1. Going through the chain, which trypsin sites (Lys or Arg not before Pro) have at most 13 other Cβ atoms within 10 Å and a DSSP loop state?
2. Cross-link candidates for residue 58: which lysines have Cα within less than 23 Å, leaving aside residues fewer than 8 places away along the same chain?
3. Summing -39500 (n - 2.57) over the DSSP H runs of n ≥ 4 in the chain and dividing by its residue number, what mean residue ellipticity at 222 nm do you reach, to the nearest 500 deg cm²/dmol?
4. Let's see if you can work this out: charge +1 on each Lys and Arg Cβ, -1 on each Asp and Glu Cβ, no other charges. What is the dipole magnitude of the chain about its Cα centre, in debye to the nearest 20?
5. Quick one: longest stretch of the chain between exposed loop chymotrypsin sites (Phe, Trp or Tyr not before Pro), exposed meaning at most 15 other C-beta atoms within 10 Å and loop per DSSP?
6. Find how many whole Å separate the alpha carbon centroid of the range 41-65 from the alpha carbon centroid of the range 1-28.
7. I need the shape label for the chain. Rule: rounded when a/c is under 1.5, else prolate if a/b > b/c, else oblate, with a, b, c from the alpha carbon gyration tensor.
8. Between the DSSP loop rule and a limit of at most 13 other Cβ atoms within 10 Å, which GluC sites (Glu not before Pro) in the range 1-50 are left?
Amino acid sequence: MTAITLNIPNHEVRFFKKMVGKMGWAYSETNVVRKPATAKERTLAKVDHAFGQLRQMKDGTLEGIKAEDLLNEL
């Protein structure tokens, strides 16, 4: 299971609780305050994301782009 933290304006909390309940998801009302990620944590997250994309390409769920097309976008 993956946990996602959302910062929602107070006047919208009721709407999101209702939406989450209708989708059958679970939610927790704990107030979690996390310090900003360090440079090392950000780098590791980027590497993890890149490997995740490589796995998706290998599985055929993500299509790569040609290097020429990438260079043309720059």
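1. Numbers: sites: 14, 17, 18, 22, 34, 40, 42, 46, 55, 58, 66; in loops: 34, 66.
For trypsin sites (Lys or Arg not before Pro) across the chain that sit outside H, G, I, E and B with at most 13 neighbouring Cβ atoms in 10 Å, the list reads 34, 66.
2. Straight-distance partners of residue 58: 46, 66.
3. Details: 3 runs with 38 residues, N = 74.
So the helix-based figure for the chain works out to -16000 deg cm²/dmol.
4. On the way: 12 positive and 9 negative charges, 99 e Å.
Result for the chain is approximately 480 debye, rounded to the nearest 20.
5. Details: sites that count: 25, 27.
Value returned for the longest uninterrupted segment is 28-74.
6. 27 Å
7. Working: a/c = 2.41, a/b = 1.82, b/c = 1.32.
In terms of gyration-tensor shape, prolate.
8. Sites meeting the loop and neighbour criteria: 29.
Only the coordinates and a few stated rules stand behind these numbers; no lab work does. No experiment lies behind these values; they were computed from the predicted model shown. Using ideal geometry, Cβ is built from the backbone for each residue, glycine included, and neighbour counts are taken over all protein chains shown.
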